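Below: one structure, written as C-alpha coordinates.
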Amino acid sequence: MTLWQGRLPEGSAGPLFEFTESFSFDRRLAADDIAGSKAHVRGLVRGGILSAEEGSILEAALNRVGEELASAGARSQDGPSQGEAGASDLGATRSAESKDEDVHSLVERRVTELCGDIGEKLHTGRSRNDQVALDLRLYSRRELLVVARELLALEEVLYKRAVEADDAYLPGYTHLQHAQPVLLGHHLLAHGWALSRDVDRIMDALRRLNVSPLGAGALAGSSLNLDPAESARSLGFTSSFDNSLDAVSDRDFVAEALFVLAMLGVHLSRMGEELVLWASEEFGFLQLDDAFATGSSMLPQKKNPDIAELARGKSGRLIGHLTGLLATLKGLPLSYNRDLQEDKEPLFDAFEQVHRALPALGGLLETATFNLVAMKARADDATSSAVDLAELLVEEGMPFRQAHALVGGMVRDSLERHVPLAELVEAHPALGSRALWLLAPGVAVTRRTTQGGAGPKPVEVQLGRFLGHIELDRERIEQFSALIAGEGA
Ligand code: ARG
(Lines give C-alpha, C1' and ligand atoms only; values in the text may rest on other atoms or scores of the structure.)
Protein backbone atom coordinates (compact mmCIF):
# COMPACT_ATOMS: atom_id res chain seq x y z
CA MET A 1 0.00 0.00 0.00
CA THR A 2 1.42 3.37 -0.99
CA LEU A 3 1.09 6.69 0.83
CA TRP A 4 -0.78 8.00 -2.22
CA GLN A 5 -3.30 5.14 -2.62
CA GLY A 6 -6.27 7.54 -2.83
CA ARG A 7 -4.92 9.19 -5.94
CA LEU A 8 -3.21 6.17 -7.52
CA PRO A 9 -5.12 3.12 -6.26
CA GLU A 10 -3.47 0.60 -8.59
CA GLY A 11 -0.18 0.66 -6.65
CA SER A 12 3.34 0.94 -7.96
CA ALA A 13 5.09 -1.18 -10.54
CA GLY A 14 7.96 -3.32 -9.29
CA PRO A 15 10.62 -1.53 -11.33
CA LEU A 16 9.39 1.85 -10.07
CA PHE A 17 9.80 0.69 -6.50
CA GLU A 18 13.20 -0.82 -7.16
CA PHE A 19 14.42 2.35 -8.77
CA THR A 20 12.99 4.91 -6.39
CA GLU A 21 13.17 3.26 -2.97
CA SER A 22 15.59 4.69 -0.45
CA PHE A 23 14.93 2.55 2.63
CA SER A 24 17.96 0.42 1.83
CA PHE A 25 20.11 3.38 2.81
CA ASP A 26 17.96 5.96 4.59
CA ARG A 27 17.18 3.55 7.40
CA ARG A 28 20.24 5.17 8.91
CA LEU A 29 18.01 8.17 9.58
CA ALA A 30 15.68 6.10 11.79
CA ALA A 31 16.66 7.68 15.11
CA ASP A 32 16.48 11.17 13.62
CA ASP A 33 13.14 10.44 12.01
CA ILE A 34 11.76 9.33 15.37
CA ALA A 35 13.17 12.39 17.18
CA GLY A 36 11.80 14.71 14.49
CA SER A 37 8.40 12.99 14.51
CA LYS A 38 8.14 13.29 18.28
CA ALA A 39 8.88 17.01 18.05
CA HIS A 40 6.20 17.29 15.37
CA VAL A 41 3.67 15.44 17.55
CA ARG A 42 4.37 17.82 20.43
CA GLY A 43 3.84 20.73 18.05
CA LEU A 44 0.48 19.26 17.02
CA VAL A 45 -0.51 18.95 20.69
CA ARG A 46 0.63 22.49 21.47
CA GLY A 47 -1.45 23.75 18.56
CA GLY A 48 -4.55 21.92 19.80
CA ILE A 49 -4.61 19.75 16.66
CA LEU A 50 -4.09 16.61 18.71
CA SER A 51 -5.22 15.98 22.27
CA ALA A 52 -2.57 15.45 24.92
CA GLU A 53 -3.66 11.82 25.13
CA GLU A 54 -3.30 11.27 21.39
CA GLY A 55 0.10 12.90 21.63
CA SER A 56 1.30 10.49 24.30
CA ILE A 57 -0.06 7.49 22.41
CA LEU A 58 1.81 8.61 19.30
CA GLU A 59 5.02 9.30 21.21
CA ALA A 60 4.89 5.87 22.84
CA ALA A 61 4.36 4.24 19.45
CA LEU A 62 7.21 6.25 17.96
CA ASN A 63 9.48 5.13 20.78
CA ARG A 64 8.54 1.54 20.15
CA VAL A 65 9.17 1.80 16.40
CA GLY A 66 12.47 3.46 17.21
CA GLU A 67 13.45 0.45 19.31
CA GLU A 68 12.33 -1.96 16.59
CA LEU A 69 14.41 -0.14 14.01
CA ALA A 70 17.40 0.09 16.33
CA SER A 71 17.35 -3.64 17.03
CA ALA A 72 16.87 -4.47 13.35
CA GLY A 73 19.80 -2.17 12.65
CA ALA A 74 21.90 -3.85 15.34
CA ARG A 75 21.14 -7.24 13.83
CA SER A 76 22.03 -6.01 10.38
CA GLN A 77 25.52 -5.33 11.72
CA ASP A 78 25.93 -9.04 12.45
CA GLY A 79 25.92 -9.83 8.77
CA PRO A 80 24.03 -9.21 5.59
CA SER A 81 21.70 -12.19 5.76
CA GLN A 82 20.52 -11.41 9.25
CA GLY A 83 20.27 -7.78 8.25
CA GLU A 84 17.78 -8.70 5.58
CA ALA A 85 15.80 -10.62 8.15
CA GLY A 86 15.90 -7.60 10.45
CA ALA A 87 14.50 -5.39 7.80
CA SER A 88 11.82 -7.81 6.71
CA ASP A 89 10.59 -8.18 10.31
CA LEU A 90 9.53 -4.60 9.87
CA GLY A 91 7.97 -5.27 6.51
CA ALA A 92 10.60 -3.26 4.76
CA THR A 93 11.31 -5.83 2.14
CA ARG A 94 11.32 -5.22 -1.55
CA SER A 95 8.40 -7.56 -2.08
CA ALA A 96 5.40 -6.23 -3.97
CA GLU A 97 3.26 -6.55 -0.84
CA SER A 98 5.00 -4.41 1.71
CA LYS A 99 6.41 -1.40 0.02
CA ASP A 100 7.94 1.05 2.43
CA GLU A 101 9.86 3.15 0.02
CA ASP A 102 11.74 5.00 2.69
CA VAL A 103 12.28 5.20 6.43
CA HIS A 104 9.57 7.85 6.79
CA SER A 105 6.93 5.62 5.22
CA LEU A 106 8.01 2.71 7.36
CA VAL A 107 7.77 4.67 10.60
CA GLU A 108 4.34 6.00 9.72
CA ARG A 109 3.09 2.54 8.71
CA ARG A 110 4.32 0.92 11.91
CA VAL A 111 2.88 3.71 14.09
CA THR A 112 -0.46 3.27 12.34
CA GLU A 113 -0.31 -0.51 12.84
CA LEU A 114 0.33 0.13 16.52
CA CYS A 115 -2.32 2.78 17.15
CA GLY A 116 -4.79 2.77 14.28
CA ASP A 117 -6.67 6.01 13.58
CA ILE A 118 -4.46 7.99 15.90
CA GLY A 119 -1.47 6.80 13.91
CA GLU A 120 -3.12 8.19 10.82
CA LYS A 121 -2.90 11.64 12.42
CA LEU A 122 0.89 11.57 12.65
CA HIS A 123 1.54 13.16 9.28
CA THR A 124 -0.88 16.07 9.88
CA GLY A 125 0.64 19.36 8.72
CA ARG A 126 3.81 17.70 7.57
CA SER A 127 5.31 16.43 4.33
CA ARG A 128 8.15 14.05 3.76
CA ASN A 129 9.81 17.06 2.16
CA ASP A 130 10.26 19.01 5.39
CA GLN A 131 10.60 15.72 7.28
CA VAL A 132 13.57 14.43 5.28
CA ALA A 133 15.28 17.82 5.33
CA LEU A 134 14.88 17.83 9.10
CA ASP A 135 16.15 14.27 9.54
CA LEU A 136 19.20 14.93 7.42
CA ARG A 137 20.05 18.08 9.37
CA LEU A 138 19.76 16.20 12.65
CA TYR A 139 21.92 13.39 11.27
CA SER A 140 24.58 15.70 9.81
CA ARG A 141 24.72 17.77 12.99
CA ARG A 142 25.46 14.71 15.09
CA GLU A 143 27.94 13.16 12.67
CA LEU A 144 29.85 16.40 12.16
CA LEU A 145 30.32 16.66 15.91
CA VAL A 146 31.67 13.11 15.99
CA VAL A 147 34.14 14.00 13.22
CA ALA A 148 35.18 17.12 15.15
CA ARG A 149 35.95 14.99 18.19
CA GLU A 150 37.85 12.45 16.07
CA LEU A 151 39.87 15.31 14.61
CA LEU A 152 40.80 16.53 18.07
CA ALA A 153 42.00 13.04 18.96
CA LEU A 154 44.28 13.02 15.91
CA GLU A 155 45.50 16.52 16.71
CA GLU A 156 46.40 15.26 20.17
CA VAL A 157 48.46 12.42 18.72
CA LEU A 158 50.34 14.90 16.54
CA TYR A 159 50.87 17.17 19.54
CA LYS A 160 52.17 14.31 21.68
CA ARG A 161 54.58 13.15 18.98
CA ALA A 162 55.71 16.73 18.42
CA VAL A 163 56.51 17.17 22.12
CA GLU A 164 58.37 13.85 22.21
CA ALA A 165 60.36 14.84 19.12
CA ASP A 166 62.02 17.53 21.24
CA ASP A 167 64.98 18.95 19.28
CA ALA A 168 65.03 16.28 16.56
CA TYR A 169 65.13 17.71 13.06
CA LEU A 170 64.89 16.63 9.46
CA PRO A 171 65.29 18.25 6.07
CA GLY A 172 62.46 20.61 5.24
CA TYR A 173 61.50 20.33 1.56
CA THR A 174 60.29 22.55 -1.21
CA HIS A 175 59.80 20.93 -4.60
CA LEU A 176 60.70 17.72 -2.72
CA GLN A 177 64.31 18.98 -2.65
CA HIS A 178 66.18 19.68 0.57
CA ALA A 179 65.57 23.30 1.50
CA GLN A 180 66.26 24.07 5.17
CA PRO A 181 66.27 21.84 8.23
CA VAL A 182 63.12 22.00 10.39
CA LEU A 183 62.26 20.52 13.76
CA LEU A 184 60.30 17.28 13.47
CA GLY A 185 57.77 18.76 15.89
CA HIS A 186 57.31 21.71 13.54
CA HIS A 187 56.66 19.39 10.61
CA LEU A 188 54.12 17.33 12.57
CA LEU A 189 52.28 20.40 13.81
CA ALA A 190 52.00 21.73 10.26
CA HIS A 191 49.57 18.87 9.67
CA GLY A 192 47.99 19.53 13.05
CA TRP A 193 47.10 23.11 12.14
CA ALA A 194 45.45 21.93 8.92
CA LEU A 195 43.26 19.61 11.00
CA SER A 196 42.43 22.42 13.40
CA ARG A 197 41.08 24.40 10.45
CA ASP A 198 38.89 21.41 9.63
CA VAL A 199 37.42 21.57 13.13
CA ASP A 200 36.89 25.27 12.66
CA ARG A 201 35.11 24.66 9.36
CA ILE A 202 32.87 22.09 11.04
CA MET A 203 31.83 24.57 13.72
CA ASP A 204 31.19 27.17 11.07
CA ALA A 205 29.13 24.79 8.92
CA LEU A 206 27.15 23.73 12.01
CA ARG A 207 26.09 27.31 12.64
CA ARG A 208 24.48 27.55 9.21
CA LEU A 209 23.13 24.01 9.36
CA ASN A 210 21.36 24.55 12.67
CA VAL A 211 18.14 25.94 11.20
CA SER A 212 15.00 23.81 11.33
CA PRO A 213 12.93 23.17 8.18
CA LEU A 214 10.09 21.53 10.16
CA GLY A 215 6.77 23.20 9.39
CA ALA A 216 7.58 24.04 5.78
CA GLY A 217 5.28 21.16 4.76
CA ALA A 218 5.47 20.08 1.14
CA LEU A 219 6.68 23.53 0.05
CA ALA A 220 4.42 26.29 1.32
CA GLY A 221 3.70 25.90 5.04
CA SER A 222 0.33 25.02 6.55
CA SER A 223 -3.16 26.28 7.36
CA LEU A 224 -3.01 24.51 10.72
CA ASN A 225 -2.03 26.06 14.02
CA LEU A 226 1.64 25.05 13.96
CA ASP A 227 4.57 26.96 15.40
CA PRO A 228 7.76 26.11 13.51
CA ALA A 229 9.89 28.31 15.77
CA GLU A 230 8.82 26.43 18.87
CA SER A 231 9.41 23.05 17.19
CA ALA A 232 12.84 24.27 16.14
CA ARG A 233 13.66 25.27 19.69
CA SER A 234 12.56 21.89 21.04
CA LEU A 235 15.06 20.16 18.74
CA GLY A 236 17.94 22.43 19.71
CA PHE A 237 17.92 24.46 16.49
CA THR A 238 18.99 28.09 16.72
CA SER A 239 16.11 29.19 14.51
CA SER A 240 13.55 27.95 12.02
CA PHE A 241 13.31 28.57 8.27
CA ASP A 242 12.45 31.97 6.85
CA ASN A 243 11.16 30.63 3.54
CA SER A 244 9.34 27.34 3.14
CA LEU A 245 10.44 26.85 -0.50
CA ASP A 246 14.05 27.27 0.54
CA ALA A 247 13.55 25.06 3.60
CA VAL A 248 12.55 21.97 1.60
CA SER A 249 14.99 22.44 -1.27
CA ASP A 250 18.10 23.71 0.49
CA ARG A 251 20.90 21.15 0.61
CA ASP A 252 23.70 23.65 1.15
CA PHE A 253 24.35 22.01 4.49
CA VAL A 254 24.98 18.66 2.78
CA ALA A 255 27.31 20.26 0.25
CA GLU A 256 29.12 22.08 3.05
CA ALA A 257 29.46 18.89 5.07
CA LEU A 258 30.81 17.13 1.98
CA PHE A 259 33.25 19.96 1.37
CA VAL A 260 34.47 19.85 4.96
CA LEU A 261 34.95 16.09 4.64
CA ALA A 262 36.65 16.40 1.24
CA MET A 263 39.02 19.09 2.50
CA LEU A 264 39.78 17.01 5.54
CA GLY A 265 40.26 14.05 3.19
CA VAL A 266 42.79 16.08 1.23
CA HIS A 267 44.66 16.83 4.46
CA LEU A 268 44.73 13.15 5.36
CA SER A 269 45.84 12.38 1.83
CA ARG A 270 48.78 14.74 2.05
CA MET A 271 49.76 13.26 5.38
CA GLY A 272 49.36 9.81 3.89
CA GLU A 273 51.62 10.67 0.98
CA GLU A 274 54.39 11.82 3.30
CA LEU A 275 54.04 8.78 5.50
CA VAL A 276 54.36 6.57 2.43
CA LEU A 277 57.53 8.41 1.43
CA TRP A 278 58.96 8.41 4.93
CA ALA A 279 58.34 4.68 5.33
CA SER A 280 60.14 3.90 2.07
CA GLU A 281 63.66 2.47 2.01
CA GLU A 282 64.73 5.57 0.12
CA PHE A 283 63.76 7.96 2.91
CA GLY A 284 63.92 5.57 5.85
CA PHE A 285 62.49 8.21 8.21
CA LEU A 286 59.75 6.08 9.69
CA GLN A 287 59.15 2.54 10.82
CA LEU A 288 55.56 1.40 11.12
CA ASP A 289 54.38 -0.63 14.05
CA ASP A 290 53.57 -4.17 12.88
CA ALA A 291 49.94 -3.81 13.94
CA PHE A 292 49.54 -0.77 11.68
CA ALA A 293 51.32 -2.23 8.66
CA THR A 294 50.31 -4.85 6.13
CA GLY A 295 52.22 -7.64 4.46
CA SER A 296 52.20 -9.04 0.97
CA SER A 297 50.44 -12.21 -0.13
CA MET A 298 53.43 -13.14 -2.28
CA LEU A 299 56.55 -11.28 -1.19
CA PRO A 300 57.53 -12.51 2.26
CA GLN A 301 59.73 -9.53 3.10
CA LYS A 302 57.13 -6.80 2.55
CA LYS A 303 55.85 -4.37 5.14
CA ASN A 304 53.46 -1.92 3.56
CA PRO A 305 51.88 1.39 4.62
CA ASP A 306 48.34 0.57 3.46
CA ILE A 307 46.64 2.88 5.95
CA ALA A 308 48.60 5.84 4.62
CA GLU A 309 47.86 4.82 1.05
CA LEU A 310 44.13 4.46 1.67
CA ALA A 311 44.07 7.79 3.49
CA ARG A 312 45.43 9.15 0.24
CA GLY A 313 43.22 7.01 -1.98
CA LYS A 314 39.92 7.65 -0.26
CA SER A 315 40.25 11.38 -0.66
CA GLY A 316 39.43 10.88 -4.35
CA ARG A 317 36.11 9.38 -3.39
CA LEU A 318 35.37 12.18 -0.91
CA ILE A 319 36.03 14.80 -3.59
CA GLY A 320 33.78 12.81 -5.92
CA HIS A 321 30.92 12.87 -3.41
CA LEU A 322 31.12 16.66 -3.22
CA THR A 323 31.24 17.23 -6.97
CA GLY A 324 28.53 14.62 -7.52
CA LEU A 325 26.12 16.38 -5.17
CA LEU A 326 26.86 19.81 -6.62
CA ALA A 327 26.08 18.43 -10.07
CA THR A 328 22.82 16.99 -8.76
CA LEU A 329 21.81 20.34 -7.26
CA LYS A 330 22.84 22.71 -10.00
CA GLY A 331 19.85 22.44 -12.33
CA LEU A 332 17.07 21.93 -9.81
CA PRO A 333 14.06 24.22 -9.91
CA LEU A 334 12.36 25.09 -6.64
CA SER A 335 11.33 23.40 -4.53
CA TYR A 336 11.55 19.70 -3.66
CA ASN A 337 12.49 17.35 -6.48
CA ARG A 338 13.14 13.67 -6.09
CA ASP A 339 16.70 14.24 -7.29
CA LEU A 340 17.34 15.44 -3.76
CA GLN A 341 17.14 11.87 -2.53
CA GLU A 342 20.59 11.51 -4.11
CA ASP A 343 22.04 13.61 -1.28
CA LYS A 344 22.12 10.73 1.16
CA GLU A 345 24.40 7.97 -0.08
CA PRO A 346 27.41 10.24 -0.68
CA LEU A 347 26.91 11.87 2.69
CA PHE A 348 26.58 8.57 4.55
CA ASP A 349 29.61 7.14 2.79
CA ALA A 350 31.73 10.24 3.36
CA PHE A 351 31.04 10.13 7.09
CA GLU A 352 31.68 6.42 7.25
CA GLN A 353 35.03 6.65 5.47
CA VAL A 354 36.21 9.58 7.56
CA HIS A 355 35.12 7.87 10.80
CA ARG A 356 37.35 4.96 9.82
CA ALA A 357 40.28 6.93 8.46
CA LEU A 358 40.85 9.23 11.42
CA PRO A 359 41.42 6.58 14.11
CA ALA A 360 43.46 4.42 11.72
CA LEU A 361 45.81 7.24 10.90
CA GLY A 362 45.93 8.23 14.56
CA GLY A 363 46.96 4.69 15.52
CA LEU A 364 49.61 4.59 12.82
CA LEU A 365 51.11 7.89 13.96
CA GLU A 366 50.93 7.04 17.63
CA THR A 367 52.79 3.77 17.26
CA ALA A 368 55.28 4.51 14.48
CA THR A 369 58.97 4.93 15.26
CA PHE A 370 60.76 7.92 13.80
CA ASN A 371 64.26 7.21 12.61
CA LEU A 372 65.86 10.35 14.04
CA VAL A 373 69.38 9.31 12.99
CA ALA A 374 68.40 9.06 9.33
CA MET A 375 66.51 12.36 9.48
CA LYS A 376 69.50 14.13 11.04
CA ALA A 377 71.98 12.58 8.62
CA ARG A 378 69.98 13.88 5.63
CA ALA A 379 69.51 17.32 7.17
CA ASP A 380 73.15 17.82 8.11
CA ASP A 381 74.24 18.45 4.56
CA ALA A 382 76.33 21.65 4.62
CA THR A 383 74.35 23.18 1.78
CA SER A 384 71.34 23.36 4.11
CA SER A 385 73.12 26.31 5.75
CA ALA A 386 73.55 28.24 2.49
CA VAL A 387 71.01 30.90 3.40
CA ASP A 388 72.63 31.32 6.82
CA LEU A 389 75.93 32.16 5.11
CA ALA A 390 74.13 34.71 2.95
CA GLU A 391 72.37 36.19 5.97
CA LEU A 392 75.69 36.56 7.78
CA LEU A 393 76.90 38.70 4.89
CA VAL A 394 73.61 40.65 4.94
CA GLU A 395 74.12 41.42 8.63
CA GLU A 396 77.46 42.93 7.67
CA GLY A 397 75.86 45.21 5.09
CA MET A 398 76.02 43.24 1.82
CA PRO A 399 72.82 43.51 -0.26
CA PHE A 400 70.99 40.19 -0.13
CA ARG A 401 71.01 39.63 -3.88
CA GLN A 402 74.83 39.90 -3.92
CA ALA A 403 75.18 37.60 -0.91
CA HIS A 404 72.82 35.09 -2.58
CA ALA A 405 74.93 35.11 -5.77
CA LEU A 406 78.17 34.75 -3.84
CA VAL A 407 77.03 31.73 -1.81
CA GLY A 408 75.23 30.21 -4.81
CA GLY A 409 78.51 30.35 -6.75
CA MET A 410 80.33 28.63 -3.90
CA VAL A 411 77.77 25.80 -3.76
CA ARG A 412 78.07 25.33 -7.50
CA ASP A 413 81.84 25.30 -7.25
CA SER A 414 81.72 22.80 -4.39
CA LEU A 415 79.53 20.43 -6.39
CA GLU A 416 81.42 20.75 -9.65
CA ARG A 417 84.92 20.41 -8.21
CA HIS A 418 83.96 18.01 -5.41
CA VAL A 419 85.43 20.30 -2.79
CA PRO A 420 83.63 20.44 0.58
CA LEU A 421 81.69 23.69 0.97
CA ALA A 422 83.40 24.29 4.34
CA GLU A 423 86.79 24.47 2.64
CA LEU A 424 85.57 27.04 0.15
CA VAL A 425 83.93 29.09 2.91
CA GLU A 426 87.09 29.07 4.96
CA ALA A 427 89.16 30.21 1.99
CA HIS A 428 86.78 32.99 0.95
CA PRO A 429 87.83 36.48 2.02
CA ALA A 430 84.28 37.65 2.70
CA LEU A 431 83.54 34.65 4.94
CA GLY A 432 86.59 32.79 6.31
CA SER A 433 86.90 30.50 9.32
CA ARG A 434 84.63 32.69 11.50
CA ALA A 435 81.69 31.56 9.32
CA LEU A 436 82.39 27.86 9.67
CA TRP A 437 80.26 27.38 12.79
CA LEU A 438 77.19 28.01 10.67
CA LEU A 439 77.89 24.81 8.74
CA ALA A 440 78.24 22.64 11.84
CA PRO A 441 75.60 19.88 12.17
CA GLY A 442 72.47 20.99 13.98
CA VAL A 443 73.19 24.73 13.84
CA ALA A 444 71.00 25.74 10.89
CA VAL A 445 67.74 24.66 12.52
CA THR A 446 68.46 26.70 15.65
CA ARG A 447 68.75 29.83 13.51
CA ARG A 448 65.05 29.88 12.65
CA THR A 449 64.00 32.14 15.47
CA THR A 450 61.10 34.19 14.14
CA GLN A 451 57.51 33.60 15.23
CA GLY A 452 56.01 30.50 13.65
CA GLY A 453 59.43 29.43 12.41
CA ALA A 454 60.97 25.96 12.42
CA GLY A 455 63.56 26.40 15.19
CA PRO A 456 63.37 25.29 18.83
CA LYS A 457 62.37 28.66 20.32
CA PRO A 458 59.34 29.44 18.14
CA VAL A 459 58.31 25.78 18.10
CA GLU A 460 58.13 25.79 21.88
CA VAL A 461 55.74 28.74 21.71
CA GLN A 462 53.83 27.05 18.90
CA LEU A 463 53.34 23.88 20.94
CA GLY A 464 51.69 25.92 23.68
CA ARG A 465 49.45 27.71 21.19
CA PHE A 466 48.47 24.44 19.53
CA LEU A 467 47.50 22.84 22.82
CA GLY A 468 45.52 25.95 23.72
CA HIS A 469 43.73 25.68 20.39
CA ILE A 470 42.80 22.04 21.00
CA GLU A 471 41.36 22.97 24.39
CA LEU A 472 39.41 25.87 22.95
CA ASP A 473 37.98 23.69 20.19
CA ARG A 474 37.00 21.06 22.71
CA GLU A 475 35.08 23.71 24.65
CA ARG A 476 33.37 24.95 21.49
CA ILE A 477 32.28 21.41 20.67
CA GLU A 478 30.91 20.85 24.17
CA GLN A 479 29.10 24.18 24.13
CA PHE A 480 27.46 23.41 20.81
CA SER A 481 26.53 19.91 21.99
CA ALA A 482 24.84 21.42 25.05
CA LEU A 483 23.03 23.96 22.84
CA ILE A 484 21.53 21.29 20.58
CA ALA A 485 20.46 18.94 23.37
CA GLY A 486 16.82 20.01 22.90
CA GLU A 487 13.92 18.40 24.73
CA GLY A 488 13.52 15.84 21.95
CA ALA A 489 17.08 14.59 22.29
N1 ARG B 1 13.01 9.46 0.31
C2 ARG B 1 12.74 10.81 -0.03
C3 ARG B 1 14.05 11.61 -0.07
O4 ARG B 1 15.00 11.13 0.41
C5 ARG B 1 11.84 11.44 0.97
C6 ARG B 1 11.08 12.61 0.46
C7 ARG B 1 10.06 12.14 -0.52
N8 ARG B 1 9.26 13.22 -0.95
C9 ARG B 1 8.52 13.15 -2.07
N10 ARG B 1 7.87 14.20 -2.40
N11 ARG B 1 8.49 12.06 -2.80
O12 ARG B 1 14.13 12.70 -0.59
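The values are calculated or read from the model by the stated rules, or taken from the named source; none is laboratory data. Just so it is clear, the model here is predicted, and its values are computed rather than measured. Backbone-built Cβ (ideal geometry, glycine too); neighbour counts: all protein chains shown.
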Against the definition (in contact with a helix residue (DSSP H, G or I) (Cβ under 7 Å, 6 or more places away or on another chain) and part of a helix (DSSP H, G or I)), how does Thr112 come out, yes or no? yes
Checking the structure you have, find out if any residue of segment 130-139 is more than 14 Å from the chain's Cα centre (by Cα), buried (at least 22 other Cβ atoms within 10 Å of the Cβ), more than 16 Å from the ligand (Cβ to nearest atom) and over 23 Å from Gln353 (Cα atoms). no
Scanning segment 448-467 residue by residue, those surrounded by 17 or more Cβ atoms within 10 Å (Cβ to Cβ), of a type outside the set (A, V, I, L, M) and within 18 Å of Glu391 (Cα to Cα) turn out to be Arg448, Gly453, Gly455
With the condition kept exactly as written, say whether any residue in segment 8-24 is surrounded by 18 or more Cβ atoms within 10 Å (Cβ to Cβ), under 25 Å from Gly125 (Cβ atoms), among the acidic types (Asp, Glu) and modelled with pLDDT of 95 or more. no
What residue, of Leu340, Leu347, Leu365, Leu431, is away from the ligand (no atom under 16 Å from the Cβ) and assigned to a helix (DSSP H, G or I)? Leu365
For residues that are touching a residue at least 60 places away in the same chain (Cβ under 8 Å) and among the hydrophobic types (A, V, I, L, M, F, W, C), tally how many sit in segment 302-323. 2
Quick check on segment 153-175: of everything there that is surrounded by fewer than 18 Cβ atoms within 10 Å (Cβ to Cβ) and part of a helix (DSSP H, G or I), which residue is farthest from the chain's Cα centre (by Cα)? Glu164
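Asp117: more than 23 Å from Arg476 (Cα to Cα) and away from the ligand (no atom under 14 Å from the Cβ), yes or no?
On the way: more than 23 Å from Arg476 (Cα to Cα): yes; away from the ligand (no atom under 14 Å from the Cβ): yes.
So Asp117 fits the description; yes.
Touching a Gly at 6+ places or on another chain (Cβ under 9 Å) and not in a helix (DSSP H, G or I), is that true of Ile34? Give the derivation first.
Values: touching a Gly at 6+ places or on another chain (Cβ under 9 Å): yes; not in a helix (DSSP H, G or I): no.
Criteria not met by Ile34.
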Starting from segment 328-344, keep only residues that are closer than 15 Å to Leu245 by Cα and aromatic (Phe, Trp, Tyr), then list their pairs with residues that are near the ligand (Cβ under 8 Å from one of its atoms) and assigned to a helix (DSSP H, G or I) whose Cβ atoms are within a distance under 8 Å, requiring at least 6 positions of separation or different chains. Tyr336/Asn129
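Got at least one residue in segment 463-472 being assigned to a loop (DSSP other than H, G, I, E, B) and at pLDDT 95 or above? First the steps, then the outcome.
At the first step, the residues of segment 463-472 found to be assigned to a loop (DSSP other than H, G, I, E, B) are none.
No: zero hits.
I'd like the full set of residues that are outside any helix (DSSP H, G or I), within 16 Å of Glu68 (Cα to Cα) and more than 11 Å from the ligand (Cβ to nearest atom), limited to segment 96-109. Lay out the reasoning, then the answer.
Our first condition is that a residue be outside any helix (DSSP H, G or I); within segment 96-109, this holds for 96-102.
Narrowing further to those that are within 16 Å of Glu68 (Cα to Cα): 100, 102.
Result: no residue meets the conditions.
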Residues that are under 21 Å from the mean Cα position of the chain (by Cα), surrounded by fewer than 20 Cβ atoms within 10 Å (Cβ to Cβ) and either not in a helix (DSSP H, G or I) or not small (Gly, Ala, Ser) (or both), drawn from segment 302-337: Asp306, Glu309, Leu310, Arg317, Ile319, Thr323, Leu326
Please tell me if Gly452 is under 28 Å from the mean Cα position of the chain (by Cα), under 30 Å from Ala35 (Cβ atoms) and outside any helix (DSSP H, G or I). no
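Yes/no per residue for (1) buried (at least 18 other Cβ atoms within 10 Å of the Cβ); (2) free of Cβ contacts under 8 Å to residues at least 40 places away in the same chain; (3) in a helix (DSSP H, G or I); (4) among the hydroxyl-bearing types (Ser, Thr, Tyr):
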| position | (1), (2), (3), (4) |
| --- | --- |
| Phe259 | yes, no, yes, no |
| Leu264 | yes, no, yes, no |
| Gly272 | yes, no, yes, no |
| Val276 | yes, yes, yes, no |
| Glu281 | no, yes, no, no |
| Gly284 | no, no, no, no |
| Pro300 | no, yes, no, no |
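Filter segment 286-298 down to residues that are touching a Phe, Trp or Tyr at 6+ places or on another chain (Cβ under 7 Å) and surrounded by fewer than 13 Cβ atoms within 10 Å (Cβ to Cβ), then give me how many there are.
Quick first cut of segment 286-298, residues touching a Phe, Trp or Tyr at 6+ places or on another chain (Cβ under 7 Å) only: 286.
Of the ones still in play, those that are also surrounded by fewer than 13 Cβ atoms within 10 Å (Cβ to Cβ) are none.
So the count comes out to 0.
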Across (1) within 16 Å of the ligand (Cβ to nearest atom); (2) β-branched (Val, Ile, Thr); (3) under 24 Å from Val147 (Cα atoms), Thr323 clears everything bar (1)
When you look at Ala30, is it at pLDDT below 95, within 16 Å of the ligand (Cβ to nearest atom) and within 21 Å of Glu342 (Cβ to Cβ), yes or no? no
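State all residues of segment 133-151 that are of a type in the set (Gly, Ala, Ser) and either modelled with pLDDT under 95 or under 20 Å from Leu472 (Cα atoms) (or both); if no residue qualifies, say none. If you could, list the steps in order and put the result at the bottom.
So the first thing to find is which residues in segment 133-151 are of a type in the set (Gly, Ala, Ser), and the list is 133, 140, 148.
Answer for segment 133-151, where residues must be of a type in the set (Gly, Ala, Ser) and either modelled with pLDDT under 95 or under 20 Å from Leu472 (Cα atoms) (or both): just Ala148.
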